[in-house]
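The values are calculated or read from the model by the stated rules, or taken from the named source; none is laboratory data. Predicted model only: the values in this text are computed from it and were never measured. Because the Cβ atoms are built from the backbone with ideal geometry, glycine has one as well, and the counts that use them run over all protein chains shown. These accessible areas exclude ligands, DNA and RNA; they are computed on the full protein's heavy atoms, side chains included. Shrake-Rupley method; radii C 1.70, N 1.55, O 1.52, S 1.80 Å.
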Amino acid sequence: MPDDINAFVPGPRVHIEGRRGGPLSGLTFAAKDLFDVAGHPTGGGNPDWARANPIPTRHAWAVQRLLDAGATLIGKTITDEVSLGIVGENAFYGTPINSRAPDRVPGGSSSGSAAAVAAGLCDTALGTDTGGSVRVPASFCGLYGIRPTHGRLDVSGMMPQAPSSDTAGWFARDSDTFARVSSVMLDESIPTNLPRRLIIAVDAFGFAEPEVGAALQPMVERLRALIGEIREEVMAPPGITQWARAQRTLQPSEAWLTFKDWIDRDNPRFAFSVARNIILGSMIPESERGWARLVRREARGRMHYLLPEGTILCLPTTPFPAPKRGEPLSVAGAQRDRLLCLCCHGGLTGVPQVSIPGATVDGLPVGLSIVGGPGCDATLVAVARALENT
């Protein structure tokens, strides 16, 4: 299959047939180049990482799970360098094309996986989400995407970045495929019963561009009709920017610990923005990390209060549609900061989140996200399916 959108890593294409007769037989998938595939290097979006690490001898758990369920692997996809990115641009391998908006970025760091699904090259694709790396490309490319409850899935064979926030996720173009894949990955049937209460995160909607909130309003009204009881709440009383600051403290600190031995040993090449973020992570003092851990505890308590069983919360997945490709670093940095503000609660609190397509701003996709308490991943998938069927 040709790769006209630069979604797949350079070199020979991986192809592994899934088990016959499984629940996902007939589906194809791609895997972000952070997941091990036996006999093929794991590149992590950086050529020096692939050279410094041995070729895997077994598949990552997530890859094996889909193969055992019958899905066929058709390739490994480009990622932002060592998953330290949110817009989807890679200085070594280029930027995958967002087929829903070809002059715009696809979102990252699961850029190639989202681009491949959006272009119809595969039915589903594995990504990872630490600070928004499934949710953002799902919104920018008009896809279903999930960040599962942190710690629910086995991440063996998945290249780490910040383990206290890292998780695997996946994409699909339609809710039925999304539900089929989710049922396999979560090892749980997708329920038919829906939550009874819906919270609108007014601070998150206020943080997004006004046209994004307006575009998402019809979807919110459909959610209201599905669920019934609805109320407005502030998601982050200290301020979304405070939660984001805490995540921007914890995540880079952990990323530095993950990569420092490799950096010390091999002095690898990085794009400037990636190197800068790693260096800044190495310089964060313990006093800042201690403050951030307290904010994480507070944020988890707030989500526990907001999201008892039977309650979900909705918010814009991203504050704006996909930005243009090739923006200057000064512009891209500000965009990244705003994106992280609407994604920080995921890595900070570990709650599951599903981004649902269905709205556009000037023809550009934007997603509506639903969030639930830990462990209610399948319920969120059920709501996404029910919303499409309305």
Please enumerate the residues belonging to region 251-268 that are in a loop (DSSP other than H, G, I, E, B) and either among the aliphatic types (A, V, I, L, M) or surrounded by 14 or more Cβ atoms within 10 Å (Cβ to Cβ) (or both). Pro268
Picking from Thr167, Thr128, Thr149, which residue would you name as being open to solvent by 10 Å² or more (accessible area, probe 1.4 Å) and β-branched (Val, Ile, Thr)? Thr149
Top-ranked residue in region 372-390 [being in contact with a Lys or Arg (Cβ under 9 Å, 6 or more places away or on another chain) and modelled with pLDDT of 95 or more; ranked as nearest to Arg104 (Cα to Cα)]: Leu387
Being outside any loop (DSSP other than H, G, I, E, B) and crowded, with 16+ Cβ neighbours inside 10 Å narrows Arg248, Arg276 down to just Arg248
Would you point out which residue out of Ser183, Ser175 is modelled with pLDDT of 95 or more, surrounded by fewer than 22 Cβ atoms within 10 Å (Cβ to Cβ) and of a type in the set (Ser, Thr, Tyr)? Ser183
Looking at region 202-228, I want the residues that are basic (Lys, Arg) and have a partner that is buried (at least 16 other Cβ atoms within 10 Å of the Cβ) and in a helix (DSSP H, G or I) with Cβ atoms under 9 Å, at least 6 apart or on another chain. Which pairs are those? Arg222/Leu387
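Rundown of residues vs (1) assigned to a strand (DSSP E or B); (2) crowded, with 23+ Cβ neighbours inside 10 Å; (3) of a type in the set (A, V, I, L, M), yes/no style:
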residue	(1), (2), (3)
Arg58	no, no, no
Ala62	no, yes, yes
Leu67	no, no, yes
Gly70	no, no, no
Thr79	no, yes, no
Ala91	no, no, yes
Pro96	no, yes, no
Ala101	no, yes, yes
Within the group Ile230, Ile200, which residue is assigned to a strand (DSSP E or B) and in contact with a helix residue (DSSP H, G or I) (Cβ under 6 Å, 6 or more places away or on another chain)? Ile230
If a residue has to be open to solvent by 40 Å² or more (accessible area, probe 1.4 Å) and part of a helix (DSSP H, G or I) to count, how many in region 279-292 make the cut? 8
Based on what the data block shows, is Pro252 without any contact (Cβ under 8 Å) to a residue 12 or more places away in the chain and either more than 30 Å from Pro365 (Cα to Cα) or under 21 Å from the mean Cα position of the chain (by Cα) (or both)? no
Only one of Asp174, Asp166, Asp129 is of a type in the set (D, E, K, R) and farther than 19 Å from Arg296 by Cβ; which? Asp174
